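Novice: Handing you this structure, nothing more for now.
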Amino acid sequence: MKLTARYILLSFFILAANFVIAQNTATVYGKITDADDEPLPGISVSIFGGSQAAVLTNKKGEYSYTIPAGQNVTIVFYNIGFTTEQRTVNLQANEKLELNKSLKPNSLTQVEIIDESRNQEITRIDPINITHLPSSSGDFNAILFTLPGVSNRNELSSTYSVRGGNFDENLVYVNGVEIYRPFLVRSGQQEGLSFINPDMVSSVLFSAGGFEAKYGDKMSSVLDVQYRKPVKFAGTVSGSLLGGNVELEGVSKDHRFSWMIGSRYKSTKYLLGSLNTKGQYKPSFVDVQAYTTYALSTNWELDFLGNYASNKYQIIPESRETDFGTLNQALRLKIFFDGQEVDQFITMTGALSAVYRSDNSKTNLKFIGSAFKSRESEAFDIQGQYYIADLETDFGKPNFGEEVGQRGVGTFLQHARTNLDAYVYSFEHKGTYNITTKKQILWGAKYSFEDISDKLSEWKYVDSAGYSVPTTVPYNPQQEIILQDVIKQKIHIMSNRLSGYVEGILSKELKDTSLISFTAGLRANYWDLNKQALVGPRATFGLKPHWKRDFLFKFSSGYYYQPPFYRELRDYEGNINYNIKAQTSIHFVLSSDYNFKAWKRPFKFTAEAYYKYLDNIIPYEIDNVRIRYSAKNDARGYATGIDMKINGDFVKGLESWASLSIMQTQEDLKDDYYYEYYNSDGQKIVPGYTLNSKATDSVKFTPGYIPRPTDQRVSFGLFFQDKMPHLPDLKMHLNLLFGSGVPFGPPGSQRYQQVLRMPPYRRVDIGFSYQVLRENRKVKAKSPGRFLKSVWVSLEVFNLLGTNNTVSYIWVEDVTSRQYAVPNYLTQRQLNLKMIVKF
């Protein structure tokens with residue numbers, strides 16, 4: 001009897017407890033699907049920041065979850081391979097709420113609780129616009145060239161400068177892995193394919209300055225690209241007169257394993273045929289990329305990113321004819337070549353990542369091991385026999401534009417045998433802790449080992465009318481033959497780098513419902529080659545006032561140190577400066593965003609004013625896309641300007657934008673000066689021209705601030721899309737670029753003498769595309785076209801206006817050592833046909 005009474009009493013307490021709990025709980029239930037409305041099993045449903053155990057969706061994607069009643073509860077729907085969704089609810093006791101969600105595939109490891117694209121100095125780019133952007137390079141980076149603050153003056157190259165920086169000052173990440181570019185590339189013709197495959201991209205973030213501490217140690221910009229995670233079998237096949245791409249992707253039945261592989265082939269032979277230099281061009285650029293993910297559990301995932309690229313460039317030049325000069329002094333250069341050039345750039349990248357995400361969505365951890373290898377070789381022996389002729393400039397004469405006299409003849413010989421091997425091994429950890437939905441802490445640490453071997457053998461010989469140039473004035477027949485630009489070096493460098501960061505993000509709503517955000521962080525790095533340790537703060541403050549109009553104001557500032565890499569260490573003669581220090585850039589960026597509607601369509605106007613103080617900078621020269629550094633921290637400078645952009649649906653359903661940038665960047669070399677000499681008559685003595693004059697007086701000059709090689713004062717970019725009113729499947733895509741001239745100077749001249757200006761860069765590319773098969777069309781069950789998602793056919797016209805754009809100059813001399821700058825023009829007007837098939 002006593003035992004029975006105890007069981008009855010225990011049962012009573014259990015029932016009473018269950019009743020009390022039931023009175024204080026509610027239930028959410030529903031179904032989780034993917035973008036194609038297919039059920040997703042194994043999705044975690046949990047309370048953000050809570051200790052209550054999560055539940056998983058079943059094979060049908062269904063779930064039922066008990067939550068506390070009478071309070072705000074944030075429900076998190078999470079799987080490491082998909083975007084994280086949230087919903088805050090407040091249910092009454094015993095209330096039931098149906099909550100269905102559709103998740104998109106995602107390779108991001110951080111929950112974007114705070115909208116970084118608006119609260120940081122960063123721009124989000126829609127990858128769909130990359131597909132139809134008319135560009136002779138066909139490269140992913142072409143979409144960046146129309147953005148404010150970004151400059152590209154060579155349609156054959158994927159390189160770009162940002163707000164007065166050079167090509168080496170830009171960070172590029174793919175899935176959180178830092179990407180490196182080849183070291184020895186001299187011209188856009190050699191460059192080939194850049195790393196990013198447009199067919200594999202899911203999201204693009206770009207910052208032109210004032211970026212967060214979580215991004216690495218460069219002074220100018222950051223491009224953060226994420227590859228897509230597949231949800232089903234699909235693919236893309238495209239082809240044009242410039243090459244072709246194939247991309248395939250798929251996922252296992254349980255959605256735990258996904259894979260994507262892409263291969264590209266490019267040949268610029270068709271484009272190079274329009275250059276001034278005629279010959280046999282044999283370019284061949286191939287790459288293969290793979291991205292796979294495997295979910296070990298609901299919390300752990302393994303990712304692999306791999307790339308192999310082989311860029312080969314061969315030319316057997318034959319002849320060249322270029323007219324240059326002015327209307328009153330027109331000249332013609334003719335060159336007949338012997339020899340050839342053979343270059344090869346092979347790069348390999350591999351990265352394995354382990355990603356962890358806690359059940360309560362608070363902690364995110366990522367561990368990355370990566371390796372980069374580059375094997376590069378240059379080999380050329382090219383002889384050019386040239387002559388310079390005067391052209392008839394009198395419009396009234398029948399021989400107008402024809403050669404009427406010879407100004408000089410000569411021969412030059414260029415030689416190079418360069419081989420470079422580079423290895424970079426890295427291990428990195430990144431983490432995020434979400435204190436609340438409005439507070440985050442981020443941290444990271446990275447170790448890198450670098451091993452670079454370089455063997456250089458380069459020289460140039462110039463002979464004019466039988467004389468070795470440079471020569472003495474008057475001519476001395478006993479002078480020995482002199483080789484110019486001689487570099488003979490063997491270099492081997494091994495070094496270790498450490499870097500890390502910590503960062504906090506806070507977002508808060510004020511009493512008047514205005515929103516403020518604040519991001520602050522520290523970034524540190526150490527390089528054992530120069531024994532330099534650096535720590536720099538970075539911060540961004542944002543304010544979204546409670547106004548009728550949607551405005552957002554931001555101010556960013558920070559220290560951006562750029563420790564030297566191999567190219568900065570090597571001077572003009574190939575010598576290595578092991579004591580060189582990091583360059584410094586202090587950013588001040590004030591910006592505003594204004595979202596509005598016009599014609600009942602969304603638009604956005606952005607404006608950014610910036611000032612960058614530069615210190616310990618390393619002066620350099622640019623020839624085509626080759627950067628040659630002085631390897632000395634002997635300059636300071638600045639870059640300042642304003643960027644503006646407006647984008648939106650100028651035509652309904654099609655995004656277009658226009659950007660305008662005004663910028664100035666200058667530098668002042670420390671302790672630089674020069675003398676000007678005058679004779680007794682007060683005439684300035686010019687070496688080689690003022691003969692038999694004895695200097696009787698001299699004046700010392702300090703050049704002060706001079707324009708940097710990237711000082712492009714004005715740039716304008718336009719990407720515009722339109723469609724036929726009664727034929728919406730026929731669309732037009734216009735890409736327009738304008739950039740004012742940048743400084744240059746004669747080879748071997750002093751830095752203060754390199755203040756001549758190239759002509760402006762002007763280019764218009766236009767494309768017409770027709771969608772043969774629509775994505776959402778009705779297809780019969782047995783139709784052969786049921787396997788095709790869409791088909792596009794495009795006709796593109798490159799350099800629509802036929803503009804002669806100058807990328808660099810070839811310098812030729814006569815016996816008096818007078819130099820002539822002959823422009824190297826870029827590609828002419830050409831047509832391209834393209835087809836894109838998606839299935």
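Novice: Where the eigenvalues come from the Cα gyration tensor of segment 292-403, what are the semi-axes √(5λ) of the equivalent ellipsoid, largest first, in whole Å? The partial results should precede the final answer.
Specialist: Details: eigenvalues 749, 83, 16 Å².
Ellipsoid semi-axes (Å, largest first): 61, 20, 9.
Novice: Cut-off under 18 Å on the C-alpha distance; same-chain residues fewer than 8 positions from LYS266 excluded. Which lysines are left, in chain and number order?
Specialist: Of all the lysines, those that pass the test against LYS266 - Cα under 18 Å, at least 8 places apart if same chain - are LYS282, LYS312, LYS834.
Novice: Let me ask you something else. Filter the trypsin sites (Lys or Arg not before Pro) in segment 184-266 to those in DSSP coil with at most 10 other Cβ atoms within 10 Å of their Cβ, and list the result.
Specialist: Details: sites: ARG186, LYS214, LYS218, ARG228, LYS232, LYS253, ARG256, ARG264, LYS266; in loops: ARG186, LYS214, LYS218, ARG228, LYS232, LYS253, ARG256.
Here the sparse-neighbourhood loop sites are LYS253.
Novice: Quickly estimate the mean residue ellipticity at 222 nm for the chain, helices only: each DSSP H run with n ≥ 4 gives -39500 (n - 2.57), and the total goes over all residues, rounded to 500.
Specialist: Helix-only estimate at 222 nm: -1500 deg cm²/dmol.
Novice: Mind listing which chymotrypsin sites (Phe, Trp or Tyr not before Pro) in segment 204-303 are in a DSSP loop and have 14 or fewer other Cβ atoms within 10 Å?
Specialist: Here the sparse-neighbourhood loop sites are PHE233.
Novice: Viscosity 1.306 mPa s, temperature 10 °C: what is the translational diffusion coefficient of segment 344-446 from Stokes-Einstein with a Kirkwood Rh over Cα pairs, rounded to a whole number of µm²/s?
Specialist: Here the translational diffusion coefficient equals 78 µm²/s.
Novice: Please compute the Kirkwood hydrodynamic radius of segment 563-700 from all pairs of different C-alpha atoms, in Å with one decimal.
Specialist: For segment 563-700, inverting the mean 1/r across all distinct Cα pairs yields 19.9 Å.
Novice: I've got another one for you. Spin-label point model (7 Å from Cα, Cβ direction): what's the TRP547 to VAL55 distance in nm?
Specialist: 4.7
Novice: May I pose another question? Counting only pairs 8 or more residues apart or on different chains, how many lysine pairs in segment 627-748 have their Cα atoms under 16 Å apart?
Specialist: Total qualifying Lys-Lys pairs in segment 627-748 comes to 7.
Novice: So if each residue of separation counts as 0.36 nm, and I subtract the Cα-Cα distance between GLU573 and PHE304, what length gain in nm does that give?
Specialist: Gain in length upon complete extension: 92.8 nm.
Novice: What lysines could a cross-link reach from LYS490, if we take a straight Cα to Cα line under 16 Å and drop same-chain neighbours fewer than 8 places away?
Specialist: LYS455
Novice: With the contact rule set at Cα under 8 Å and sequence spacing of 6 or more, what percent relative contact order holds for segment 327-369?
Specialist: Working: 23 pairs, mean separation 11.7, N = 43.
Answer for segment 327-369 is 27 percent.
Novice: Under a point spin-label approximation (7 Å from Cα along Cα-to-Cβ), what is the PHE367-ILE128 distance to one decimal in nm?
Specialist: Inter-label distance under the simple model: 4.0 nm.
Novice: Moving on to the next point. Leaving out same-chain residues fewer than 8 places away, which aspartates and glutamates sit with a Cα under 14 Å from that of LYS278?
Specialist: List returned: GLU318, GLU321, ASP338, GLU341.
Novice: Report the FRET efficiency, 1/(1 + (r/R0)^6), for TRP459 and PHE605, where r is their Cβ-Cβ distance and R0 is 41 Å, rounded to 0.05.
Specialist: For R0 = 41 Å, the calculated efficiency reads 0.15.
Novice: Follow-up question, since we're still on this one. Could you tell me which trypsin sites (Lys or Arg not before Pro) in segment 553-619 are loop residues by DSSP with no more than 13 other beta carbons within 10 angstrom of their beta carbon?
Specialist: Passing both the DSSP loop test and the Cβ count: LYS600.
Novice: Then there is this: Using a cut-off of 9 Å between beta-carbons, work out the net charge of the residues near LEU365 (Lys and Arg +1, Asp and Glu -1, LEU365 not included).
Specialist: +3
Novice: What's the magnitude of the charge dipole for the chain around its Cα centre, counting Lys and Arg as +1 and Asp and Glu as -1 at the beta-carbon? Answer in Debye, nearest 20.
Specialist: 3220
Novice: Over the chain, what relative contact order in percent results from Cα pairs under 8 Å that are six or more residues apart? Show your work: numbers first, answer last.
Specialist: On the way: 2289 pairs, mean separation 79.1, N = 839.
It comes to 9 percent, rounded to a whole number.
Novice: Further, regarding this structure: Round to a whole number: what % of the accessible area of the chain belongs to carbon and sulfur, probe 1.4 Å?
Specialist: 57
Novice: Another question, if that's okay. May I ask which residue of GLY521, TYR566, ASN579 lies farthest towards the positive end of the charge dipole of segment 497-604, with charges of +1 (Lys, Arg) and -1 (Asp, Glu) on Cβ and the Cα centre as origin?
Specialist: GLY521
Novice: 7 Å from Cα along Cα→Cβ at both LEU352 and SER783: what's the point-to-point distance in nm?
Specialist: Result for the modelled spin labels: 4.7 nm.
Novice: Moving on to the next point. Lys/Arg Cβ at +1, Asp/Glu Cβ at -1, dipole of the chain taken about the Cα centre: which of PRO545, MET663, ILE481 is farthest positive-ward?
Specialist: The one lying farthest along the dipole's positive direction is PRO545.
Novice: Where only protein heavy atoms count, and the probe is 1.4 Å, what is the accessible area per residue for the chain in Å²?
Specialist: 45
Novice: How many angstrom separate the Cα center of segment 166-213 from the Cα center of segment 353-410?
Specialist: So the two Cα centres are separated by 16 Å.
Novice: Oh, and also: Full-extension gain between HIS492 and LEU730, please, as 0.36 nm times their residue separation minus the C-alpha to C-alpha distance.
Specialist: This chain segment gains 80.1 nm when fully extended.
Novice: Convert 37 °C to kelvin, take the viscosity as 0.692 mPa s, use the Kirkwood radius over C-alpha pairs of the chain as Rh, and evaluate the Stokes-Einstein diffusion coefficient in µm²/s, rounded to a whole number.
Specialist: D = 108 µm²/s.
Novice: So, one more: Efficiency by 1/(1 + (r/R0)^6): what FRET value for GLU321 and ARG626, r their Cβ-Cβ distance, R0 = 30 Å, to the nearest 0.05?
Specialist: In this case the efficiency is close to 0.75.
The values are calculated or read from the model by the stated rules, or taken from the named source; none is laboratory data. Keep in mind that this is a model prediction, so the values were computed, not measured. Note: ideal-geometry Cβ built from the backbone for every residue, glycine included; neighbour counts use all protein chains shown. In case anyone asks, the SASA skips ligands and DNA or RNA and just uses the protein heavy atoms, side chains included. Shrake-Rupley method; radii C 1.70, N 1.55, O 1.52, S 1.80 Å.
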